[in-house]
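Accompanying notes for the structure given below.
The values are calculated or read from the model by the stated rules, or taken from the named source; none is laboratory data. Given the structure is predicted, the values throughout are model-derived calculations rather than measurements. Note that we place each Cβ from the backbone using ideal geometry, even for glycine, and neighbour counts take in every protein chain shown. Only protein heavy atoms, including side chains, enter the accessible area calculation; ligands, DNA and RNA are left aside. Shrake-Rupley method; radii C 1.70, N 1.55, O 1.52, S 1.80 Å.
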Amino acid sequence: MPKVWVTGAGGLIGNYLVKTAPHFAPGWEVLPLTRQLVDLTDNSAVRTLFQRAVPDLVIHCAGLTQTGPCQQQPALAHQMNVHVTEFLCELGSNIRLFFFSTDLVFDGVKGNYIETDPIRPLLTYAQTKAEAETIVLENPRHSVIRTALNGGVSPKGNRGFNEELRRSWESGKTTALFVDEYRCPIPAAVTARTIWELAEQDVPGLYHLGGRERLSRWEIGCLLAKRWPHVQARLEQDSIRNFKGLPRSPDVSMDSSKIQRLLSFPIPAFSEWLEQNPDEPF
Ligand SMILES: NC(=O)c1ccc[n+]([C@@H]2O[C@H](COP(=O)([O-])OP(=O)(O)OC[C@H]3O[C@@H](n4cnc5c(N)ncnc54)[C@H](OP(=O)(O)O)[C@@H]3O)[C@@H](O)[C@H]2O)c1
């Protein structure tokens, strides 16, 4: 059986990859790399593990993935998002590798971005991802998957946007949601299925992977409020124009038709997926 490493296996997307593998990737032997198994910043430990049983594919999900911590600790963000990725690319120079990047590499002025659109990351998180993208794409065997806002159930219960919102409502907090900030949300279960289909093909390169529907933060909140009738939804409308914090990309919606053409199933619109999967934990 070919072997695949899934880094960040204790995170949202990595965990979905691992738990859906028996169904979508039965032909792969999956090695879930959690932080407990190996600290990815420890080059010598990573090299030893790699050389002990060289994988055929690395799906690199691990990273410093939240914008606030990246902004506060730029050196750590650089180490985790750029250096770790670079080292994995070096170790895996003769095998395939998928690197997860983000829709936030765009400034969000235009929206509906395609892969050839110029990037302009506004924050350290996205800057480090953009830097890593360039390194990854130097190897024609390797791929970059720019994904959008992913939702689902994460091992620690704090990585999906839905988990964050639900926790805040359950604790009695009211959430202000922007009516003018747009994303293409996608369930992590769909992201995982897509990656497993890609793993079966030899189609390296740069891909966008978001849901088929462009939604504002406010619209996403309303859909989730409907999904959880037993949770008291506490949401109010806000505008990105009132926001005083770090710069925000107003519309990072992506056109995912390039990756869609490779898939056996239609990437769902987020609202449609919620309707069609009422029993899926979310
Ligand atoms: N989720 C989204 O909405 C979204 C959107 C766009 C792009 N992405 C990208 O997609 C990828 C997967 O996202 P995700 O949501 O699954 O991220 P996540 O839930 O934050 O998971 C990241 C994982 O990386 C692990 N990690 C961090 N530093 C490590 C280290 N030094 N050694 C070993 N493991 C380490 C974390 O471990 P700990 O839990 O112990 O910290 C965590 O399990 C990321 O690269 C992210 O940037 C995600």
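Label positions at Glu164 and Ala45, each projected 7 Å from the Cα along the C-beta direction, are separated by 2.8 nm.
Distant-in-sequence amide contacts of Asp238, defined by a placed amide H-H separation under 5 Å and a gap of 5 or more residues or a different chain, comprise Leu177, Phe178, Val179.
Using a Gaussian network model of the chain in which every pair of alpha carbons under 10 angstrom is joined by a spring, one finds that among Ser101, Ser239, Ser256 the greatest mean-square fluctuation is at Ser239. Summed over the residues of the stretch 3-276 and divided among them, the accessible surface reaches 45 Å² per residue at a probe radius of 1.4 Å. If a spin label sat at a point 7 angstrom from the Cα of Asn242 along the line to its beta carbon, the backbone N atoms of the stretch 171-196 nearer than 12 Å would be those of 175-180. A Förster radius of 51 Å combined with the Cβ-Cβ distance from Val109 to Val54 puts the calculated FRET efficiency at roughly 0.75. Between helix 12-24 and the chain there is an angle of about 70 degrees, using the helix long axis and the longest principal axis of the Cα atoms. Taken about its Cα centre, the stretch 170-267 carries a charge dipole of roughly 240 debye when the Cβ of each Lys and Arg holds +1 and the Cβ of each Asp and Glu holds -1.
By DSSP, the beta bridges lying fully in the chain are antiparallel in about 5 percent of cases.
With a simple spin-label model that places each label point 7 Å from the Cα along the Cα-to-Cβ direction, the separation between Ser93 and Gln201 comes to 2.9 nm. Kindly express, to the nearest 10 degrees and within the range 0 to 90, the angle between helix 217-227's C-alpha long axis and the longest C-alpha principal axis of the chain. So the inclination is approximately 90 degrees. The H on the amide N of Thr102, modeled in the peptide plane, is under 5 Å from the matching H of Thr147, each at least 5 residues off or on a different chain. Dimensions of the chain along the principal axes, based on C-alpha atoms and rounded to the nearest Å, stand at 53, 38, 36, largest first. Each Lys and Arg contributes +1 and each Asp and Glu -1, all at the Cβ; summed about the Cα centre of the chain, the dipole is approximately 440 debye. Under 5 Å between amide hydrogens, built in the peptide plane, is the criterion, and for Arg248 it picks out nothing among residues at least 5 positions away or on other chains. Of the solvent-accessible surface of the stretch 121-245, computed with a 1.4 Å probe and all protein chains present, 47% belongs to carbon and sulfur. In the elastic network of the chain, a GNM with C-alpha springs shorter than 10 Å, the most mobile of Ala45, Ala130, Ala225 is Ala45. With the simple spin-label model, which puts each label point 7 Å out from Cα in the Cβ direction, the Gln276 to Lys173 separation comes to 3.3 nm. Have a look at Arg166, Arg96, Arg52 and tell me which one the Gaussian network model of the chain (Cα, springs below 10 Å) gives the largest fluctuation. Answer for the Gaussian network model of the chain: Arg52. Test of understanding: extend the Cα→C-beta vector of Leu262 to 7 Å, then name every residue of the stretch 65-99 with backbone N under 17 Å from that spot. What the label zone holds, given the 17 Å backbone N cut-off, is 95-99.
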